[in-house]
Every structure is written in C-alpha cells, then in structure tokens.
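J.: Mind looking over this structure? Questions follow.
The values are calculated or read from the model by the stated rules, or taken from the named source; none is laboratory data. Model, not experiment: these values are computed from the prediction. A quick note on method: Cβ atoms are made from the backbone with ideal geometry, for glycine too, and the neighbour counts reach across all protein chains shown.
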C-alpha cells in the first residue's frame, strides 16, 4: 500500500499550492483531459522509487464557541486519522494563531507522525524567526515556500523518513494477471454495499476467507462463471460468521488505496443526485492512477425521464474524460442491469492488459500520419517514425520521431482514437508518450 500524507491547516496558508508541488509528478498526465476537475483534494506523488498519496483536507476555521471537532467535517477527521503522516501547514508570515492552536491540540491527540511546516518562509531559517510555532508542542518546524518550490525535497524526505518505510523493490512480484482485482468506488450511500452484498449473495459467486491486516484493505477472492476475482474493500467489508457483508462506510483513504491496488474500478454514481464534485474527484483519481474503469449509475429506476436526461448530460459534461469507459444504468436494490456489468469489467481488464505488437503499432501510426499530417509549429514539423508498447495496465504507446514536443494535444487524441479502435480498448486509459531523437536539425523544413 502507498503511504498517505495528509495536509492540514487553516484556510489560506498555502495547502493547495503545497499539494500541487507534492503531486507534480502526475499533473501532466491529467492536465489535458477536457472536463477533468482540477481542484482535486487528493493525488499521487513520487520521490525516487517511493510513491505516495497526498490528501488536502481543506481549511479548518473553527468558531470560538465550537472547537475543532465540530468544525472539521467527519470525512476530514477520518482522513487525517487514517493517514500515515500528517503535515500541519502554518503561515510563517502571519504567525501563530488561535486556529493553529486548536488544530495543534487535535493533532497531538492522534499520536501519529506529524510535521509542522511553516509555509511562505522565503528567506527565513528554522531558528528564532519561527520559534513561536514550537508552542504547538509538535516538535521541529520546517520552513518551506510552496510558491517557489523551496524546501520541497527536504519536506518529502522528512515525511517519508517518519514512516520508517522499507526500500521499494525494483521488480515487485507481479500479481496473477488472470485474477481481476475489483474495487467498487463511490460516494457514501450510492449503493456500494447493496451492490456488493447482492454479488456476495449470488449462488454462482463463492467467497473465500482471506486474512487481512489493519494496514491493508480487506479483500475477498471469489469466482464467477470460471473467472477469478478479488474484491478490494471500499465499502466497509466485514466478516459475519463465515460470510462477508458490506456496510455503508466511506473512507477517503481506503477508497484511494483500493483504487491503487485494483486492476479494475467500478465507479458507482447515484442517479438521484447526478454527478457531484466528489464523484468527479474520485473519477479523476481513477484516471490519474491509470486504472481500468466501468461507470455504473445506480438507482436508475428511481428517477423519471426528465431526470434521466439531466443525469446523462451531467455524465457527458463532468465525466467526459472517462468517455472511454463503458456506462451501465442499474438498480442494485432491484437487481436490474447487473448481469452485463461482469462482461464490462472483464472487457476493461482485457483491454488494460492488451498486447500491441510493434509492427502493428507502427503501421497504424504511419497510416494515421498519411491520413492527417501533424501541424507545423514555427520552423518545425513533427515527424513520427515508429511506435512500440511501453507498458500495460494502463497500456502505454511510445512514439519515436523528431520534434515530437510540438505534437498538439488534439493530434494525440486523434492518434489515441485510431489505436483504441484497432485494439478495441474499451474501459482503460491509454497513455501516449513522445520520444524525440537528439538531433534538433533532423526535421527542420
């Protein structure tokens, strides 16, 4: 499991800027997908070989008469409590505030690694200028400037060092590719537990006991019509006697970790509420993580034709970046539309692990270039020469040539469409990487 770093602090101390710095390694992957919500509260980061999850918990602004526990949203408290290390962000220029004291008091009671980070500390040192923050009783104070990128490396190293992590393996033992690791993700009360319990109650589906640990999400291996699955917990799976049942318990951390460990994610949307910000955030994280995905709109039977049109429109506008995913309209409670889900999940898994021969990729590339030449930029016109597969789950296609940095996003989408059609890549992200030759004059007109 990837470690989780939670960013905590009152409003306007620079948590969002810090979040963007810590997750910059994945930003480029999702930047060009139209409709993708950019104000995400969670994302991926990487330092050397070590990957980690970052959660921005939002701003705390406790009223004088209420205190931190009432003001912090339930999920925010849960995310902080489940995180592996907490980064408490304060404003070095504004100094220590009563709100900082309230947050510090809360964090001390958690009894987990916590770093105090003084942001906006351009030109300041960790000495007397930041001494007042030692009153928080949380130990050392680390000066950083998220806006200028100062102190980021040291911050990440300190956060990861606090966890005493083992060095990640260069070549971790691969999981059995024939087993589909499935996570059902979605907001609270969208029907995850109803759907999972319906599945676990099927006679054709046999669940086996697998011991879990408090650190790892519970997973339930089962088999359906000859296909082996492993259900990764996002809905609060618990063992009741000899069987598992799901309770409606939403956890940001568990959801993110389950998405990371799954090979296919079933994203469940509530038809009665349409696509919300949180739905878009979860969908964005699925895409960022490169997971195969199937979208299912639950409670479809509970809304009328007018509402159905509104939901379809919101799917197009808010989840347009998942247009490669199969869409299913279901009712978990009435067991309507559930059968085809299994086929869509298997199809997405197959697409994510598709093998694409180099000769076929190169032929498709050259045919695409012949059909539509990439636009010239200034004095240079990109020349695309050959392509090969760079990875699976998600599939990665590496294109070689000259001046490929000038290939437009529109042209990349054009190429993606050609590759998807040829290999029937339904339900999986497809990443296209451009690698230019070293000769800057080779492609000059």
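J.: Within the range 353-365, identify whether any single residue is touching a residue at least 60 places away in the same chain (Cβ under 8 Å), in a helix (DSSP H, G or I) and crowded, with 19+ Cβ neighbours inside 10 Å, and answer yes or no.
T.: no
J.: Here is a further query. Return the residues of the range 337-352 that are in contact with a strand residue (DSSP E or B) (Cβ under 7 Å, 6 or more places away or on another chain) and surrounded by fewer than 17 Cβ atoms within 10 Å (Cβ to Cβ); say none if nothing qualifies.
T.: Scanning the range 337-352 gives a single hit, 340.
J.: Moving to a separate point now. Is it the case that residue 320 is outside the structural domain of residue 394 (by TED's automatic domain parsing) and within 17 Å of residue 430 (Cα to Cα)?
T.: Working: outside the structural domain of residue 394 (by TED's automatic domain parsing): yes; within 17 Å of residue 430 (Cα to Cα): yes.
When the stated conditions are applied, residue 320 passes them.
J.: Are any of the residues in the range 306-325 assigned to a loop (DSSP other than H, G, I, E, B), surrounded by fewer than 21 Cβ atoms within 10 Å (Cβ to Cβ) and within 24 Å of the chain's Cα centre (by Cα)?
T.: Within the range 306-325, the first condition is being assigned to a loop (DSSP other than H, G, I, E, B), and the residues that meet it are 319, 323-325.
Cutting the leftovers down to surrounded by fewer than 21 Cβ atoms within 10 Å (Cβ to Cβ) gives us 323-324.
Add one more test, that the residue is within 24 Å of the chain's Cα centre (by Cα), and what stays is 323-324.
Yes, because at least one residue in the range 306-325 is assigned to a loop (DSSP other than H, G, I, E, B), surrounded by fewer than 21 Cβ atoms within 10 Å (Cβ to Cβ) and within 24 Å of the chain's Cα centre (by Cα).
J.: So if I check each of 334, 375, which one is closer than 23 Å to residue 436 by Cβ, out of contact with any strand residue (DSSP E or B) (no Cβ under 9 Å at 6 or more places or on another chain) and in a loop (DSSP other than H, G, I, E, B)? It would help to see each step written out before you state the result.
T.: Numbers: 334 fails: closer than 23 Å to residue 436 by Cβ.
The unique qualifying residue is 375.
J.: Where residues in the range 99-118 are part of a helix (DSSP H, G or I) and touching a strand residue (DSSP E or B) at 6+ places or on another chain (Cβ under 6 Å), which of them is nearest to residue 136 (Cα to Cα)? Can you show your working first?
T.: In the first step, residues of the range 99-118 are kept if they are part of a helix (DSSP H, G or I); the result is 99-108.
With touching a strand residue (DSSP E or B) at 6+ places or on another chain (Cβ under 6 Å) added as a condition, the list becomes 100, 107.
Working: 100: 8, 107: 10 Å.
Among those residues, the one meeting the criterion is 100.
J.: Could you pull out the residue among 369, 295, 265 that is without any contact (Cβ under 8 Å) to a residue 24 or more places away in the chain and touching a strand residue (DSSP E or B) at 6+ places or on another chain (Cβ under 6 Å)? It would help to see each step written out before you state the result.
T.: Working: 295 fails: without any contact (Cβ under 8 Å) to a residue 24 or more places away in the chain; 265 fails: without any contact (Cβ under 8 Å) to a residue 24 or more places away in the chain.
Among 369, 295, 265, only 369 is without any contact (Cβ under 8 Å) to a residue 24 or more places away in the chain and touching a strand residue (DSSP E or B) at 6+ places or on another chain (Cβ under 6 Å).
J.: Wholly within the range 127-242, which strands (runs of 3 or more DSSP E) include no fewer than the required count, namely at least 2 residues that are in contact with a strand residue (DSSP E or B) (Cβ under 6 Å, 6 or more places away or on another chain) and either modelled with pLDDT of 65 or more or surrounded by 11 or more Cβ atoms within 10 Å (Cβ to Cβ) (or both)?
T.: On the way: elements: 141-143, 180-185, 219-224, 227-232, 237-240.
Counting at least 2 such residues, we get 141-143, 180-185, 219-224, 227-232.
J.: Let me ask you something else. Just to be sure I understand, how many residues within the range 84-98 are in a loop (DSSP other than H, G, I, E, B), touching a residue at least 40 places away in the same chain (Cβ under 8 Å) and in contact with a helix residue (DSSP H, G or I) (Cβ under 7 Å, 6 or more places away or on another chain)?
T.: 2
J.: Can you tell which of 323, 375 is farther than 30 Å from residue 194 by Cβ and in contact with a helix residue (DSSP H, G or I) (Cβ under 9 Å, 6 or more places away or on another chain)?
T.: On the way: 323 fails: farther than 30 Å from residue 194 by Cβ.
That would be 375, the only listed residue that is farther than 30 Å from residue 194 by Cβ and in contact with a helix residue (DSSP H, G or I) (Cβ under 9 Å, 6 or more places away or on another chain).
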